[in-house]
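Just so it is clear, none of the values below were taken in a lab; they were calculated from the coordinates. Predicted, not measured: the structure shown is a model, and the values here were computed from it. No Cβ is skipped: glycine too gets one built from the backbone with ideal geometry, and neighbour counts run over all protein chains shown.
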Amino acid sequence: MPHSEHVSKQDLKREGEIARHLLHQSQAESSYAANGSESGHEPILEVRGLVKHYPLTQGIVFRKQVGAVKAVDGVDFDLGQGETLGIVGESGCGKSTVAKMLVNLEKPTAGVIKYKGEDITKLSGRALKAVRRNIQMVFQDPYTSLNPRMTVGDIIGEPYEIHPEVAPKGDRRRRVQDLLDVVGLNPEYINRYPHQFSGGQRQRIGIARGLALRPEIIVADEPVSALDVSVQAQVVNLLDRLQNEFNLSYVFIAHDLSIVRHISDRVGVMYLGRVVEIGSDSQIYDHPTHPYTQALLSAVPVPDPRAREHRERILLSGDVPSPANPPSGCRFRTRCWKAQERCEVEEPVLAVPEVFSTVDSPARHPSACHFAEEKQVVPSE
Ligand SMILES: Nc1ncnc2c1ncn2[C@@H]1O[C@H](COP(=O)(O)OP(=O)(O)OP(=O)(O)O)[C@@H](O)[C@H]1O
């Protein structure tokens, strides 16, 4: 019997999905190849076609999958050695899920995460443990991410239990005290408990723990969002200083565009599970070409009252669609004032738009829009 007669409908569906994924991956790779190295830095991380779908199930006894939440649905970016990539977007667009996949707290449904050229999504056992040491995470909420029953010394030194090779037992106390000093806390506080610290100090403890294993990459998921505005700048400045001191590369996730600008070399804007525009901070803030980025920027507070009067506010209509059922074609089209028929049927790829491909202008950066157009939203200072 010929092989094809054994192929079930399900097999065909799966093959279709794999083919679509491979197509997306090759499109992404070719668009990135066409753009050259994004940052000019040697990439330490290369993310291609990253996907995370959470199954939606129905039934109690017989659970059956009825769909999927497409939390991350084909994300591509590079992180250069020693650089900071900011990732911004509204709540629910998939930022935290990307962060979790980078540090292996979630397994991708599909896609590639290359660390120094090696795909870490395929690693397991010792090799995975070795890589995980180099990519650490700083969490959003310093109130819930520190165990209240552990002393600061135990919290910061905990990673050494998993990686004893980094610090022999007799040396750990001294190392933890060094880390406290590095993040601007008194080394004598080593025996105190988290509740004895302020929010900003707690986040410094979280950062010290992230640094314990001497990682090369720190993924910071909204590291200052839970803090008072007055403390946010101090923590951002600390991260800035540590980056220079330890030659760290950062993926810095936030919904606040002004904070991301302060710390980032490049910025990626996410919408409904995809990166829609990516470029240097000046390309994104002063020369945005994607309508979603322009709308986000138009909501950023402008301190100068005269400049505020002159800037245009773009108000988006409707809510973000459900990631379980994203719109066809361009996902942003249901809220976009420029949407046309083409947007409904043809999904735009993240690449330098054709109109800008030959011009020498900061607008020449990847933007997933069929009608990409430069628009200065934030008045220049
Ligand atoms: N474990 C999970 N199971 C099912 N759906 C999930 C799970 N984790 C996240 N999601 C969904 O995936 C989508 C993306 O979530 P994610 O937390 O990555 O977004 P986010 O941009 O980080 O938002 P926020 O800033 O609010 O954390 C959301 O719709 C969320 O409800």
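Summary table
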quantity	calculated
Helix-only CD estimate at 222 nm, as mean residue ellipticity for the chain, using -39500 (n - 2.57) per DSSP H run (n ≥ 4)	-10000 deg cm²/dmol
Simple Cβ-charge dipole of the chain, Lys/Arg +1 and Asp/Glu -1, about Cα centre, in debye nearest 20	1340 debye
Sequence-separation-based contact order of segment 259-381, relative, with Cα cut under 8 Å and 6+ spacing, percent	32 percent
For segment 117-159, average projected area of the Cα convex hull in nm²	4.3 nm²
Between segment 139-155 and segment 244-294, the Cα center-to-center distance that results, in Å	29 Å
Whole-Hz couplings from phi, Karplus 6.51/-1.76/1.60, listed for segment 218-231; x for Gly and Pro	10, 9, 10, 9, 6, x, 10, 4, 8, 9, 4, 4, 5, 8
Percent of beta bridges antiparallel (DSSP, the chain, rounded to nearest 5)	60 percent
Dimensions in Å of segment 62-203 - Rg and Dmax from alpha carbons	18.3, 56
For segment 76-122, alpha-carbon Rg relative to the globular expectation (2.2 N^0.38 Å, N residues)	1.20
Quotient of Cα Rg and 2.2 N^0.38 Å for the chain, N being how many residues it contains	1.06
Where labels lie 7 Å past Cα in the beta-carbon direction, separation of Ala233 and Ser322 in nm	4.4 nm
Residue-by-residue Karplus 3J(HN,Hα) for segment 135-144, coefficients 6.51, -1.76, 1.60, Hz, glycine and proline x	10, 10, 10, 10, 8, 5, 9, x, 7, 9
Residues Met101, Met150, Met137 arranged by fewest to most Cβ contacts within 10 Å	Met150, Met137, Met101
Sorted by Cβ neighbour density within 10 Å, fewest at the top, the residues Cys369, Cys93	Cys369, Cys93
Residues His163 and Leu105, FRET efficiency given R0 of 25 Å [Cβ-Cβ distance, rounded to 0.05]	0.90
Ranked Arg331, Arg306, Arg342, criterion: other C-beta atoms within 10 Å, fewest first	Arg306, Arg342, Arg331
Sorted peptide list for 151-163, 308-320, criterion being average Cβ within 10 angstrom, highest first	151-163, 308-320
Cα convex hull volume per residue for segment 239-344 (Å³)	126 Å³
Sequence-distant residues sharing a close amide H with Ala368 (under 5 Å, placed H)	Glu277, Ala351
Which of Val349, Ala130, Gln81, positive extreme of dipole for the chain (C-beta unit charges)	Ala130
In sequence order, calculated HN-Hα J values of segment 351-365 (Karplus, 6.51, -1.76, 1.60; Hz; x Gly/Pro)	7, 5, x, 3, 4, 9, 5, 10, 8, 9, 8, x, 6, 7, 8
Kirkwood Rh in Å, taken over segment 338-380 so that all alpha-carbon pairs contribute	11.5 Å
Trypsin sites (Lys or Arg not before Pro) within segment 60-96, DSSP loop, no more than 10 other Cβ atoms inside 10 Å	Arg63
Farthest toward positive dipole pole in segment 161-312 [+1 Lys/Arg, -1 Asp/Glu at C-beta], among Tyr292, Val166, Pro305	Val166
